[in-house]
Structure formats: structure tokens, C-alpha cells
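Only one structure is covered here, and it is reproduced in the block below.
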Amino acid sequence: MSKQPLSSEEVQRYARHIILPEIGGAGQQALKAARVLVIGAGGLGAPVLQYLAAAGVGTLGVVDDDTVSLSNLQRQVIHGTPDIGHLKADSATDAIRRINPHVDVIRHAERLDTSNVEMLFSGYDIVVDGSDNFATRYLAADTAERMEITLVTAAVGRFDGSLTVLQPWKTTADGRQNPRYRDLFPNPPPPGVVPSCAEAGIVGALTGVLGTLQAMEVVKVITGAGEPLVGRLLMYDGLAARFETIKYRRKRSTDETPAD
């Protein structure tokens, strides 16, 4: 990502970033030059898109083929009542442009699958997975690993969620290869074992917590601030108001099927 100069209006808009030593003008320029693809403009994708737009990420891609329904509005806060029946990709694009006209939005009103995943990922520096199904999560993780693109992935349950950052082609300071998604979750559960949010329910603010944390990790990766959640899984229990972090490592042989 080559840094891009900031206009005087952008300097004023991002003033609270620029005075942070961990970000500064160079970090804000890196944000402007960055290209981030967000899978899903739903519960997780909504706050991700809003905060990355506000942060000044220069190019945001939105992948979603669904339309806004009334039941979405309890948690998918990038959409409003007038958007019901409209494509989420269109509604999210309009909202991003209202938040920050300096952001270029690329709408992909299609469903991510094996036929288009590489084309969609191509040209982006970071992919954020806000999907709600295991097939998409594993497809995104496997493709991002193959294409050497940073993946920020999260999942939510009824009152809990988890988050991690994946850069499996890189190595740690001691020379160990970073872990893959399948080192953490070797295989998806059988169909029907994990109920969807439509079946089990979900508290709306939970997706805001996890989606905002995803946006924070993206900002850290782009600017170099802090330590991203690489090799660490952050877990949030909303009912107990408790965060926990566990470390996970790559298996010694990449040819082996990761163990539970």
C-alpha cells in the first residue's frame, strides 16, 4: 500500500487520528491508500463498514446479494426502515457515501462462492468476513490464505462471539509459521448442528461489539499500531461482560489434518 497525500479537509476530518503517535499522518495516509473488502453488509458488516468509512479507508468493497428485511433492522444498523426491500449492497453504499465522501465504494451485489471468490478478493489488501454461514467462512479463509491476503474474521452466537486475524503465510519472530483458520477450526460442523440466528435469536448490540472490534483490527493492521489478533482468538461473553483470549498455533506439518 503506497501512502497517499491528505487534503486539508481530510487533515481536519481525521485530526483525532493524526494526533495519535501510533497512527499519525503516515498512518492516516496508509488508511487512505488501503483497499478493504467486507463480506456481508449485515450484523457484523454494518459496523465494520461504518467505522472503516469514518476512519478514512480509501476503498471499501461490499459483497452482499441479499435485500433488507424488517427483521434485519434490529442489528444491521447501516440500513434503515426506508431501505426495506432494497439490496443491502446499495443501501450500505449510500450510507458509506453519507458518512465519508472521500471513500470509494465498490458494490458487489452477488453471493460469494467458489466461482467468483478469487476475482472478488483480487486487488484488496484485507478481507473482513462478516458472513453468517460456515461455507462462506471456510471459503474465505482458504482463499485468503492461498492469495496471501489478511483476513479478519468473526462469528457470533446468541450472546457471545469470537474474533481473530489470519496471516498464515507470515512467520512469527521465532520463525514459526502463523496458524491457519483450519488450525483453529479444522472442519465445519455438520449441517443443522449450529442453529442460525433466525432459529436461535441474537441480541442486536452483540454484532456491534464484534463488528467494531473487527474494524479496530483492520485499522491496526493497516497502520501498524499495536498487536493484531494473529494466533489469538478473542472471545466475548455478553451476558457475563467478559473477554477472554486464547492462543493457538499452526500444526507442525501443514500436510496433516489439524486436530481438535
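Throughout, read-outs are computed from the coordinates displayed, never taken from laboratory work. Here the structure is a predicted model, which means the values were calculated and not measured. Note: ideal-geometry Cβ built from the backbone for every residue, glycine included; neighbour counts use all protein chains shown.
Computed extension gain for N116 through L73, at 0.36 nm per residue and net of the alpha carbon distance, reaches 12.6 nm.
Each helix, a run of at least 4 DSSP H residues, gives -39500 (n - 2.57); summed and divided by the residues of the chain, these come to -10000 deg cm²/dmol at 222 nm. Each residue of the range 75-81 was assigned a 3J(HN,Hα) from its phi angle through the Karplus curve 6.51 cos²θ - 1.76 cosθ + 1.60 (θ = phi - 60°); the sequence is 9, 8, 6, 6, 9, x, 3 Hz, with glycine and proline shown as x.
As a rough footprinting exposure proxy, the listed residues R75, R252, R182, R158 were ranked by other beta carbons within 10 Å of their own, and the order from fewest upward is R252, R158, R182, R75. Within straight-line reach of K251, meaning a Cα separation under 16 Å, sit the following lysines at least 8 residues removed in sequence or on another chain: K170.
Residue order for L60, L70, fewest other beta carbons within 10 angstrom first, comes to L70, L60. The overall shape of the range 1-146 is oblate: from the C-alpha gyration tensor, with semi-axes ordered a ≥ b ≥ c, the ratio a/c is 1.5 or greater and a/b is no larger than b/c. Screening the chain for whole DSSP H helices of 20 Å or more along their axis (Cα) with average Kyte-Doolittle hydropathy at least 1.0 returns 204-223.
Tell me whether the range 34-247 comes out rounded, prolate or oblate; compute the Cα gyration tensor, take square roots of the eigenvalues as a ≥ b ≥ c, and use a/c under 1.5 as the rounded threshold. Because its axes are fairly even, with a/c under 1.5, the range 34-247 counts as rounded.
Between T81 and N187, the simple label model (points 7 Å from Cα in the Cβ direction) yields a spacing of 4.8 nm.
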